[in-house]
Amino acid sequence: MIVRMAKVEIVGPKELLMDVLALVRELGIFQLEPDLRGFVTAGEEARVRSLALDEKMVAERLYYEELRLRIDELLACLPPVAARESYLEPAALLDAVAAIVGKHAALYGELFRKREALRKEATELGRYSEFLTVLETLLKGVETTAGLDFIGVTIREREAITPLAEALARLTGGEFEIVTAEAADGTVIALIAVSGAMAERVRQALSDEHIPELAFPPPFRELPFPEKIRRLRERLAEIGRESAAIDAELEQFARRWSAIYRRVREWLAGELTLLRSTAYVHETGMCFFIHGWMPAAEVAGLGTRLTGRFAGRVVVEEKLIREEELEQVPVALKNSPYFRPFELFARLLPLPRYTSYDPTPFFGVFFPLFFGMMLGDAGHGAVLLAAALFLQQRFRERRMVRDAARILVISSLCAILFGFCYGEFFGEFGHQFGMRALVAERGTAIVPMLFFSVSVGVMHVLFGLILGVFAALKKRTGKEACFKLLTILVVLCLVVLAGSLALPAGKGLVKPVLITLAVAVPFLLFTGGLMAPLELVKTIGNIISYVRIMAIGLTSVFLATAANNLAGLTGNVVTGTIVAGLLHGLGIIVGVFSPTIQSLRLHYVEFFSKFMEHGGRRFEPLKK
């Protein structure tokens, strides 16, 4: 449900302001409002002004901001370590930390930058590691005679090696040697050995033919080819040793100091939050005024805490919320343990307005039912229940996954329930054990399931329209309320007419219903305007769209039947079990996503559009 809010004013002497803000932040139940409208009368506006920070508070804020920035720079250089929490009082450490953080930041910041430079160099040299391995292999196959020069090239296609060798033979008079190997990525690496006198001509010819030579970093380019490989490997080893030493030094410092710095930073962040929140505070000559919103149930408790802490010098007053301020009231949702996981779906929507409805309870009631109606297989539901219980236990600390698992637990229980109603356990497999439908078999009772789905749509949409009537009356828009009431009447008349066509006993109702429609339709046009016919057609379309409950259910039935039939056709127990398991697994996956998406659509489009108003402000209290 939407928590009832109170408009509150806190007044006290200015010297107690920071202590009051600290207490309010500690409680975490009060949202400050920067706008004075609605909190002070026209006569009081001249006396009340925004709080002006004195020089001491301004200097304090600048000092805290600079110190936190320096700590952030230092912490960014340190590795994450599992250090125990510091219990030292941050305020007592502030001057000492301010004196030493600059030295630490300079020393360990330089180490951090040096390590990053080493890592960058290692990454650049690492690009050659694969080629180095291949080149070392090639060098073993080439006689390293004095006066030879080596040229390494990469060739994209192995077919190009033969033309390359022919060109080298013409260029060098046959005085060359070429060996090739293939790298892991499919690139062909060729090592060409020629005399030193011919090397430059060969390089120029390769460049003219756009055959790239292996380019080594500048410090290695002038070295002989075998020496390049040796020096590259030596440099990579040196980088590894230097990086490891820096990492060890940074980790040792982090274990010793990071807990202290994080504790101080957390304290600074809290103090800066308080100092920034003073921008929402107003004052007169001697008093401060804090205006804002909080849960109405907490107002008395806040007054008691302030009175006890400040000996009655700080006063809390609850003010009347005027009708024009209702859109300004922040929105917080609070639900019972059963409904709370369904807030996951509510968070997908923009927040409802304060005067509207919390969508969570509607999800909690109707979503599992729609899910169960569509899936409707006790076997599939049992598998999903086991998976949901596992996820709920495995991810207890991750709220989103835990909530989704709890929703799946409830929905799978509904699927099991409807599975017994339809007589389905992995399709018709349950029939072999005497399982029979308690209500109807979906695979054969298609027309009854069609009527059932449309009936569900009628009830759901009419319920939404009834809520829309109450919402319109709450807003005091009588014309809209009348339009929704007349829409309900017309829909009911159409339902009776449809029923009279199917049931001979209902033919006597046709004439009264037609008279009712003849009277209601003009009033419908009067209250809804020219768009009334379109809205009526839209409502009827919304009801018909609930046929998807039957359609998706039939898909589940046919997929399960196909799985069982194909398993039987294999003529082998093991193969049949594998085939059935795979196809039923596919059915379960489809049975999770499709009913979920369609159930949400029935809520968002067909149901909530009848009464829900979005656009509420989120309740964001001042807290640590």
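The values are calculated or read from the model by the stated rules, or taken from the named source; none is laboratory data. Quick caveat: nothing in here was measured; it's all calculated off a predicted structure. Reconstructed Cβ throughout: ideal geometry from the backbone, glycine too, with neighbour counts over all protein chains shown.
Observations, loosely collected:
- On inspection, P368 does not qualify as more than 29 Å from G499 (Cβ to Cβ), crowded, with 16+ Cβ neighbours inside 10 Å and out of contact with any Gly (no Cβ under 7 Å at 6 or more places or on another chain).
- Taking the conditions (1) within 30 Å of R241 (Cβ to Cβ); (2) at pLDDT 70 or above in turn, S207 satisfies each one other than (1).
- Scanning segment 402-450 for residues that are over 22 Å from R548 (Cβ atoms) and among the acidic types (D, E) yields D403, E428.
- Count of segment 373-408 residues which are touching a Phe, Trp or Tyr at 6+ places or on another chain (Cβ under 6 Å) and closer than 23 Å to F433 by Cβ: 3
- Filter result (at pLDDT 85 or above and within 19 Å of K120 (Cβ to Cβ)) within segment 225-248: A237, E238, I239, G240, R241, E242, S243, A244, A245, I246, D247
- Close Cβ contacts (under 8 Å, 6 or more residues apart or on different chains) running from residues in segment 445-474 that are over 22 Å from L485 (Cβ atoms) to residues that are crowded, with 19+ Cβ neighbours inside 10 Å and among the basic types (K, R) comprise M449/R442; S453/R548.
- Within segment 565-619, being hydroxyl-bearing (S, T, Y) and without any contact (Cβ under 8 Å) to a residue 12 or more places away in the chain holds for T570, T575, T577.
- Any hit, segment 496-515, residues being surrounded by 14 or more Cβ atoms within 10 Å (Cβ to Cβ), under 30 Å from V590 (Cα atoms) and aliphatic (A, V, I, L, M): no
- For segment 147-196, the tally of residues that are out of contact with any helix residue (DSSP H, G or I) (no Cβ under 8 Å at 6 or more places or on another chain), assigned to a helix (DSSP H, G or I) and either modelled with pLDDT under 75 or under 14 Å from I211 (Cβ atoms) (or both) stands at 10.
- In segment 537-557, the residues that are without any contact (Cβ under 8 Å) to a residue 40 or more places away in the chain never reach a residue that is assigned to a helix (DSSP H, G or I) and of a type in the set (G, A, S) with C-beta atoms less than 7 angstrom apart, at least six apart or across chains.
- Residues that are over 30 Å from F339 (Cα atoms) and touching a residue at least 12 places away in the same chain (Cβ under 8 Å), drawn from segment 411-441: G427, E428, F429, G430, M435, R436, A437, A440, E441
- Scanning segment 411-434 for residues that are outside any helix (DSSP H, G or I) and within 18 Å of V590 (Cα to Cα) yields a count of 3.
- Scoring R617 on the criteria (1) surrounded by 17 or more Cβ atoms within 10 Å (Cβ to Cβ); (2) within 30 Å of V20 (Cβ to Cβ) leaves a single failure, condition (1).
- Strands (runs of 3 or more DSSP E) wholly inside segment 250-360 that include at least 2 residues being over 30 Å from the mean Cα position of the chain (by Cα) and crowded, with 19+ Cβ neighbours inside 10 Å: 281-283, 287-295
- Condition check for S500: touching a residue at least 24 places away in the same chain (Cβ under 8 Å) and either touching a helix residue (DSSP H, G or I) at 6+ places or on another chain (Cβ under 7 Å) or of a type outside the set (K, R) (or both): no
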